[in-house]
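Structure record follows, encoded as structure tokens.
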Amino acid sequence: METVGFIGLGNMGGPVAGHIQRAGYPMVVYDLRVEATRSFRERGAAIADSAAELARRSDVIITALPMPKDVEQVACGANGILDGIKSGSVYIDISTDPPSLIRKLDPLFRAKGSFVLDAPVASGQPGAERGIHEVMVGGEREIFERVKPILAAFGDQVLYAGPLGSGCICKLMHQMIGSVVSQAIGEGLTLGVKAGVDPKILWECVRRGMLGRMHVLHYQVPQTVFRGQFETDTFPLKLLRKDVGLATAMGRELSVPLPLANAAEQKLMEGVNRGLGDKSAYTVTFLLQEEAAQVQVRAPGVDPDKAAKYISTHLDFE
């Protein structure tokens, strides 16, 4: 069984690494915060002192880092992965980056006889255990098949997207489309509620239509907007603003007009500038829309247990 090295044990990376470890893979972990490695050491993982040391001790190296500059620094900076990686090893980045970054790194790793995959993640099915994700993978098909069992340890859907960079493109489109749809839902709900419709009735009419299978409909809105709880431990707004910004930059690069995505990006930027960057990404849109519309979309009596039941069974709130 291949040894997996994991770098970045934060809100996303920590749970993902936990699933890999519970699947039985020998692990080496590294994080700038020593306390983040403690539980992994207690369960038998080795602790590396640097990214280079981790790469020397691993067959497959995974990074989960917040920003593209962090990925580039850890991958090929001083004492980085590239300094320690062995011939035949595979480097997988599950962060969200522009495709140009992973393509820039590829020849550097090829020169060391190693391989690179981009495998950004998105939230798994509604109600899935924390750290379970959809995984979108770009790179050589043969290398993808080699590491697919590792990805399946934390992916409820592991999808091969195509050549290197394809996973990044799919993830950026996922984020961009989700942001546009969230803005549209926010506008529709605030207008409908202000026009006099009960929010739960309005919600049922929306979710039973073509949008009804979307994650934001089944999970985010009932759990946050209906209850007025925008402080969550889910994906933060500041990272979604980064992702959508990368997508709109790609649109400019390829001369693709994105009027809706650019409008959604402006709302995300407004939220970050208002100090809401650490709140739940897809629901800050609703908070800003409520303020602009001067109405709140709340459903009295919705409690966490009933919301969870709703998510898993699609039953109405009582």
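The values are calculated or read from the model by the stated rules, or taken from the named source; none is laboratory data. Keep in mind that what you see is a predicted model, and the values were worked out from it rather than measured. A quick note on method: Cβ atoms are made from the backbone with ideal geometry, for glycine too, and the neighbour counts reach across all protein chains shown.
Scoring Met27 on the criteria (1) modelled with pLDDT of 95 or more; (2) surrounded by 21 or more Cβ atoms within 10 Å (Cβ to Cβ); (3) within 13 Å of Phe154 (Cα to Cα) leaves a single failure, condition (3). The test for being modelled with pLDDT of 90 or more, crowded, with 16+ Cβ neighbours inside 10 Å and closer than 20 Å to Glu291 by Cα holds for Leu268. Of all residues in the stretch 25-53, those that are free of Cβ contacts under 8 Å to residues at least 24 places away in the same chain have Cβ atoms under 7 Å from Cβ atoms of residues that are among the hydroxyl-bearing types (Ser, Thr, Tyr) and surrounded by 11 or more Cβ atoms within 10 Å (Cβ to Cβ), 6 or more apart or on another chain, in Ile47/Thr37. Quick check on the stretch 132-157: of everything there that is surrounded by fewer than 21 Cβ atoms within 10 Å (Cβ to Cβ) and within 14 Å of the chain's Cα centre (by Cα), which residue is nearest to Ile92 (Cα to Cα)? Per the stated criteria, the residue is Glu134. Residue pairs whose Cβ atoms lie under 7 Å apart, sitting 6 or more positions apart in sequence or on different chains, and linking a residue in the stretch 180-208 that is without any contact (Cβ under 8 Å) to a residue 12 or more places away in the chain to a partner that is surrounded by 14 or more Cβ atoms within 10 Å (Cβ to Cβ) and assigned to a helix (DSSP H, G or I), are Gly192/Leu202; Arg207/Leu217. Kindly check whether there is at least one residue in the stretch 230-249 that is farther than 14 Å from Gly271 by Cβ, modelled with pLDDT of 90 or more and surrounded by fewer than 17 Cβ atoms within 10 Å (Cβ to Cβ). Yes, because at least one residue in the stretch 230-249 is farther than 14 Å from Gly271 by Cβ, modelled with pLDDT of 90 or more and surrounded by fewer than 17 Cβ atoms within 10 Å (Cβ to Cβ).
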